[in-house]
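The values are calculated or read from the model by the stated rules, or taken from the named source; none is laboratory data. What you see is a predicted model, and the numbers here were worked out from it, not measured in a lab. Here the Cβ positions follow ideal geometry from the backbone for every residue, glycine too, while neighbour counts run over all protein chains shown. Heavy atoms of the whole protein, side chains included, go into the accessibility calculation; ligands, DNA and RNA do not. Shrake-Rupley method; radii C 1.70, N 1.55, O 1.52, S 1.80 Å.
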Amino acid sequence: MFTQLATIDLVIFGAYILGMIGFGIYITLKEKTENAQDYFLASRALPWWAVGGSLIASNISTEQILAMNGSGFELGMAIATYELMAAITLIMVAKFLLPVFLKEGIYTMPQFLERRFDQRSRSLMSVFWIALFVFVNISSVLYLGALAIESVLGVPLIWGIIALVVYSATFSVFGGLKAVVWTDVVQVVVLVFGGLLASYFVLDAVSGGDGFIAGLNILLEQVPERFEMIFERDDFFTTTQEVVDASGNVVMDAANNRPMREPVQQNSYNLLPGIGVLFGGMWITNLYYWGTNQYIIQRALAAKSLGEAQKGVAFASIIKILLPIIVVVPGIAAYHLSADLYKADEAFPWVLSNHVPTGIKGLVFAGLTAAVGSSISSMVNSSSTIFTIDIYKDLINKNASELLLVKVGRISAVVALLIGAMIAPFLSSLGQVFQFIQEFTGFVSPGVFAVFFFGMFWKRTTPDAGFYTILIAIPFSLGLARLMPDLPFLDRMGIAFLFCATALAVISALGSKSDPSNTTKPLFRYILAGLLMMVAFATGLKMALTGTGAEQTLGWVTTVASIVMVGIVLTEKGASHTKAIDVQTGLFKTSGLFNVVMFGVMIFLAAFYALLG
């Protein structure tokens, strides 16, 4: 399925691509990258609007536009929970995590782990994060971007991947974070504007020419099930999967030279488990992604001050609230218009091909490409940052000069791009790639976030506790998934977080002595207890009250264990470890403007879920 772009669309699209390449080269030549801080942290001089714009551009990849529209086509608005909950998560990250990171003056997340724990944790997570960025993130964004090009232009997938690698390399390899951020600022404008245009035209088609609002009202009236935000256990949706024969071989569609696919029913609750999207594992997904993910947090680390970083993150939070219009609504509209799709991820390309007029189509497609370029360049820059700072400089060549570090960063960026490109074509066998990414991340995020959060706010946490918790977190999640394959992965994340928090507490208790005069501040105890209640207790209680059999039993165990952990966090009198970070409560004071945005986001989300939930 593809529609050849008209000449004017090709001119607009080509002008955009050449313009961005030229702009990236201009920034690279204009902004000198003489040392590691210049190349990896943009000289720590980014203003708030650049931080916020780059955060959104880096986050809204084809992963969001294509895959979430695909999920919108199959599931509906409920998938927007990832975007909406991200808005309040960004506020929490800006208020509680950024002050600590900027106080420590770090380049990378593994660097923080060494300062709080030890070299083992830093090295382990350095290798892991590089593998995650290259083998999962970069490859999936390249695949989805190439899929969009194939759907619209008919360009073979492999050539689309190659083109995206070349395009992204122009401003991610040579110019470092400066070039990435300044091109992000331009690309996020094109991306959001183009996405809004696509939403307008498809909703106008839904309403028969009566406009955006009328089209949205028709969707609400005629497909209300697509606006259900909280799923029940008996909710199902229709997706497709590849047809295989008795020998397990994929059956090919000879006429179209592609695998045949057949419709299947899947449980909606397993993907978005009821109230668990508001209280439960969804918090771990978002806090891990926005609070400890190198390619996201690196923009805030490069801000000129804490205040600028917090304003930038608050700005990104506001944009996040608007994004479902771009990343979900077109997919719902495609469902209402009975789009005949091969796979769900083709929903947005279908909208572009069939309902965006000539002259605008090239601009919207340029916005889609902007999403790919921004995300890939961000991931590539961050993977090269971790490799250069945490592996090469820390383990291989401690005396490396600043210029050598920049050179190593560029070489590692090229290698990351090439490896991701080789893996990307193999993702074509997956249906909802966004769900694949979230599922994989779910094995990782509970342990990593628990270590970061307890490391910051629980002074008793020891280096052994941090290292061994990271080590056992993934096997625990994998084991739980194998023993209870029908357990929703968000619920599994809530349980895994509790397990990791318990491991941190037990191992730390075995390695420290009691000292009532030197303990964790009450405020930080309440923060930890609140998170345990909001994630682990909420997950356990939901499973106990709505589940059956083994799930119900596990729910009660989780509920009781959560209460015990909260009691430990609030009452223990263990001594601070010598590597505990000295964090004063005054560090978390924020400006009046930030507080207004914070309460505004909270009120909006409460009203939105009250109306649609």
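Between the residues THR462, LEU541, LEU55, the greatest Cα displacement towards the positive end of the dipole of the chain, with unit charges on the Cβ of Lys, Arg, Asp and Glu, is found for THR462. Excluding same-chain neighbours fewer than eight residues apart, the lysines reachable from LYS30 by a Cα-Cα span under 25 Å are LYS178, LYS304, LYS407. Split the accessible area of the chain by element, probe 1.4 Å, and carbon with sulfur accounts for 67%. Annotation: aspartates and glutamates with alpha-carbon distance below 15 angstrom to LYS579 (same-chain offsets under eight excluded): GLU104, GLU114, ASP118, ASP464.
Residues whose amide H comes within less than 5 Å of that of LEU46, counting only those at least five positions distant or on another chain, are ALA303, LYS304 (H built at 1.01 Å from N in the peptide plane). Pairs over the 29 Å Cα-Cα cut-off, from the set LYS95/LYS521; LYS320/LYS521; LYS32/LYS589: LYS320/LYS521; LYS32/LYS589. Taking each DSSP H run with n ≥ 4 as -39500 (n - 2.57) and averaging over every residue of the chain yields -21500 deg cm²/dmol at 222 nm.
Per-residue surface analysis assigns THR358 an accessible area of about 90 Å², computed on protein heavy atoms at 1.4 Å probe radius. Of the residues ASP9, ASP253, the one with the largest accessible area comes first in the ranking ASP253, ASP9, computed with a 1.4 Å probe on protein heavy atoms.
Using heavy atoms of the protein chains and a probe of 1.4 Å, the accessible area assigned to ARG122 is about 10 Å². For LYS393, a cut-off of 13 angstrom between C-alpha atoms picks up these aspartates and glutamates, skipping any fewer than 8 places away in its own chain: GLU402.
Rolling a 1.4 Å probe over the protein heavy atoms leaves ASP486 with an accessible area of roughly 120 Å². The H on the amide N of GLY281, modeled in the peptide plane, is under 5 Å from the matching H of GLY494, each at least 5 residues off or on a different chain.
Rounded, prolate or oblate: which fits the chain, taking a ≥ b ≥ c as square roots of the Cα gyration tensor eigenvalues, rounded meaning a/c under 1.5, else prolate when a/b beats b/c? Oblate. Between the alpha-carbon centres of segment 196-262 and segment 552-613 there is a gap of 37 Å.
Of the residues LEU272, LEU404, ranked by 1.4 Å probe accessible area with the largest first, the sequence reads LEU404, LEU272.
Can you list residues from other chains, or at least 5 along the same chain, whose modelled amide H is less than 5 Å from the amide H of ARG261? Counting only residues 5 or more places away or on other chains, the set is VAL243. In the context of the full set of protein chains, segment 448-489 has a per residue accessible area of 35 Å² (1.4 Å probe).
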